[in-house]
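K.L.:
Here you go, one structure.
The values are calculated or read from the model by the stated rules, or taken from the named source; none is laboratory data. Here the structure is a predicted model, which is why all the values come from computation and not from measurement. When we count neighbours, we look across all protein chains shown, and the Cβ atoms used for this are built from the backbone with ideal geometry, even at glycine.
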Amino acid sequence: MEASERKRKIMDATMRIVAEKGLESFAVLQAAKLAHVNEALVYRDFGTKENLLFECYNLVANEVAGLYDDAPELVLADDEKMFEQFHEMWIDYFTFLIKNDYKTLYYQSYRDSEHIKTYVQKEAEGKTADFTGLIHVVEPVMKAFPLPEGMSMHYIWTYLMDISAVFAKRIIRKELPDTKESYEFIWNLMASGLSAYIKK
């Protein structure tokens, strides 16, 4: 087995285990067994358990970022058209979360844990997912509708990305229905918050 394939299997196993059993009880040996590799190879490939967990989270972030590599610029002059474009982008993201159920559950577990500090540190070092495509779309919006003084873009990211992931988790766990109507209702809730910011 090539090293790249082995790493992919280890990361996939890690995310599946965390999605099912939670992050706090996760052990490297569990991932090694599920991936059918020697535990020593996991440490050779990733160095530490912390780095393995980070690489898994960063993988999901990269896949999300890839959704917007070719995203068109938003039509800022037309509120209705702009929200239509936001809607299409959000549906792509939300559908990704539902289809990649165990990755979404992993994403939420990692983001809600102390391990997220590692991602923040790596982000400061420029070693995380490249959201250039999404930033290209959002920057003109930020210029047209600047945030209040002292507020950062993290408020918008948290609202759009994290709240959506919480709803996706509820659908994955069958607490909410996995239907088009459900997606649209959730979008309408998200759009209401965006409207309050953009139409201030």
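K.L.:
How do the helices (runs of 4 or more DSSP H) wholly within segment 87-200 filter down when requiring 2 or more residues that are free of Cβ contacts under 8 Å to residues at least 40 places away in the same chain: which remain?
P.N.:
Hits in segment 87-200: 116-124, 132-144, 154-157, 163-172, 180-198.
K.L.:
May I pose another question? Among the residues of segment 77-86, write down those that are without any contact (Cβ under 8 Å) to a residue 60 or more places away in the chain, of a type in the set (D, E) and part of a helix (DSSP H, G or I).
P.N.:
E80, E84
K.L.:
Looking at L97, L41, can you tell me which residue is among the aliphatic types (A, V, I, L, M), surrounded by 15 or more Cβ atoms within 10 Å (Cβ to Cβ) and more than 21 Å from I186 (Cα to Cα)?
P.N.:
Unique residue meeting the criteria: L41.
K.L.:
If V37 satisfies every condition in (1) assigned to a helix (DSSP H, G or I); (2) aliphatic (A, V, I, L, M); (3) modelled with pLDDT of 95 or more but one, which is the exception?
P.N.:
(1)
K.L.:
Taking the condition surrounded by 15 or more Cβ atoms within 10 Å (Cβ to Cβ), touching a residue at least 12 places away in the same chain (Cβ under 8 Å), aromatic (F, W, Y) and outside any helix (DSSP H, G or I), does F26 pass?
P.N.:
Yes; evaluated as a whole, the condition is true for this residue.
K.L.:
Give the residue, chosen from L52, L74, that is in contact with a helix residue (DSSP H, G or I) (Cβ under 6 Å, 6 or more places away or on another chain), more than 23 Å from K174 (Cα to Cα) and either outside any helix (DSSP H, G or I) or at pLDDT below 95 (or both).
P.N.:
The match here is L74.
K.L.:
Just to be sure, is Y68 surrounded by 15 or more Cβ atoms within 10 Å (Cβ to Cβ) and in contact (Cβ under 8 Å) with a residue 40 or more places away in the chain?
P.N.:
Yes.
K.L.:
For segment 148-169, how many residues meet the condition of being farther than 14 Å from Y107 by Cβ and loosely packed, with under 14 Cβ neighbours inside 10 Å?
P.N.:
8
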